[in-house]
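Since every read-out is calculated from the coordinates, none of them should be taken as a lab result. This is a predicted model, so every value here is computed, not measured. Using ideal geometry, Cβ is built from the backbone for each residue, glycine included, and neighbour counts are taken over all protein chains shown.
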Amino acid sequence: MTRRLVLSTEAAGHPIRRSLPPPAAPTRARDDDADWRLFLLSFAAFFICFYTLIF
């Protein structure tokens, strides 16, 4: 028996899921500082790990 992993005809197979409204599309606000924060966090984590191994 081979079934596809995602079936387009069975969107909500469970009776409780059928009674729920469809999920709202996620709205994501653009955060321009997220790239800088990730870079600084990664740099600080690398620096702390490297500094800990040396001393």
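So between F43 and T27, what do we pick up on full extension, going 0.36 nm a residue minus the alpha carbon distance? Numbers along the way, then the final one.
Numbers: separation 16, 0.36 × 16 = 5.76 nm, distance 2.96 nm.
Contour length minus the Cα-Cα distance gives 2.8 nm.
Can you give the FRET efficiency to the nearest 0.05 for I54 and A34, using r as the Cβ-Cβ distance and R₀ = 30 Å? According to the calculation, E is roughly 0.50.
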